[in-house]
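Take a look at the structure set out below.
The values are calculated or read from the model by the stated rules, or taken from the named source; none is laboratory data. This structure is a prediction, so every number in the text was calculated from the model and none was measured. Cβ placement follows ideal geometry from the backbone for every residue including glycine, while neighbour counts extend to all protein chains displayed.
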Amino acid sequence: MATGLIATRKNGGMIALVPFVTRAVPVDRPWGGTRLAGLGKGAGRIAESWEIADLSDGVAPHVADPRSRVASGPLEGLSLREIIERYGSDFLGSAQPTTEGDFPLLVKLLDAHEHLSVQVHPHAEYVAHHPGARLKTESWYVIAAEPGAVVFLDVADGVDLTEARAAITAGTVRTILGAHPATPGDFHHLPAGLIHALGAGTLVAEVQTPSDTTFRVDDWGDVYDREERDLHLLEAAETVLVDPPGAISLAASPEPGSRELVVTDHYWMTEHRQTGGLVDLASEPELRVLMVATGVATIDGTAHPIGTTIVVPALVAPTLEPTLDGILIEVGLVR
């Protein structure tokens with residue numbers, strides 16, 4: 001990658017790298033609710049707000065333009081790929097773009113008015129033998145949950161891989177799913193191969209590898225009045241793993257301060273929870289994504305409310321001193 005701020009000039013002067021917010025990409029799905037509209041992500045029912053998206057053509061064919069662009073400031077209108085091409089390691093730090101040259105994360109907000117489909121994403125072994133598939137590992141941070149809301153994760157205790165595959169192919173997967181109460185502040189890491197579904201009444205922040213490959217197992221067609229969508233039972237049965245390595249579930253913690261949520265080969269996440277004062281961010285000169293889960297975070301004099309996602313270039317990260325009254329999720333690529 002090219003390095004240095006000499007990559008771009010405007011009116012003869014240098015365009016400085018600064019923290020920025022992108023114009024989110026709203027995505028329609030049949031299970032979406034109205035809470036994202038209340039966070040300024042669009043109008044009406046919105047299922048997903050792609051806060052940080054930089055997908056090449058064909059990766060997400062159902063999305064008209066799967067690239068978020070800088071909303072305002074000196075970099076306004078640029079896609080993440082364009083920023084990578086112009087600024088290189090001053091933007092990404094020691095992280096690398098995807099093989100296509102795109103930003104290596106996809107960051108979303110999901111508003112589940114109804115249950116999402118029960119699904120599985122392909123793991124590395126499956127992808128190695130199926131060129132059209134892309135690895136997908138993801139993490140959920142629960143921002144809000146209605147009373148009685150659940151998340152469906154993995155299979156119930158005592159169910160083995162043979163039984164899981166049989167239930168998938170027979171269309172009886174609901175009988176073997178593990179259901180867990182959803183509480184604001186809960187965190188779940190879902191490695192590829194873990195069968196899962198986000199339950200109705202939840203609002204979550206999702207961080208994932210940049211892929212949209214999904215094998216749908218059950219779409220709750222007898223529960224909701226939805227247009228019928230394709231199922232991928234054979235692919236899901238081949239891909240599913242029971243209790244896959246790396247799966248994590250952390251209960252919400254009311255204690256102020258910082259706690260590590262997950263460190264993977266693709267990204268890491270830390271929760272910062274406090275009432276006023278400076279946030280103790282990681283000090284390395286590496287790119288960060290900051291998500292305001294509750295309250296307000298103030299960065300360079302700008303107050304960012306709940307639902308805001310801020311990209312902090314690597315060159316800027318060591319000097320950043322945000323203040324926080326609420327919960328902030330810090331996401332990094334290299335640690």
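Looking only at residues of region 80-120 that are part of a loop (DSSP other than H, G, I, E, B) and either in contact with a Leu (Cβ under 8 Å, 6 or more places away or on another chain) or of a type in the set (A, V, I, L, M, F, W, C) (or both), we find that the one that is surrounded by the most Cβ atoms within 10 Å (Cβ to Cβ) is 103.
Restricting 60, 43, 24, 64 to those that are touching a Pro at 6+ places or on another chain (Cβ under 6 Å), over 17 Å from residue 314 (Cα atoms) and at pLDDT below 95 reduces the list to 60. When we screen 194, 153, 105, 135 for residues that are modelled with pLDDT under 95 and within 24 Å of residue 49 (Cα to Cα), the only hit is 135. Does residue 197 satisfy the condition of being crowded, with 21+ Cβ neighbours inside 10 Å, in contact with a Gly (Cβ under 7 Å, 6 or more places away or on another chain) and either farther than 30 Å from residue 97 by Cβ or among the acidic types (Asp, Glu) (or both)? Taking the combined requirement at face value, the residue does not satisfy it. Checking each residue in region 133-154 for being touching a residue at least 60 places away in the same chain (Cβ under 8 Å) and not polar (S, T, N, Q) picks out 133, 134, 135, 136, 138, 140, 141, 142, 143, 144, 153, 154. In a residue-by-residue description of region 231-239, the property of being among the polar types (S, T, N, Q) and surrounded by 16 or more Cβ atoms within 10 Å (Cβ to Cβ) applies to at least one position.
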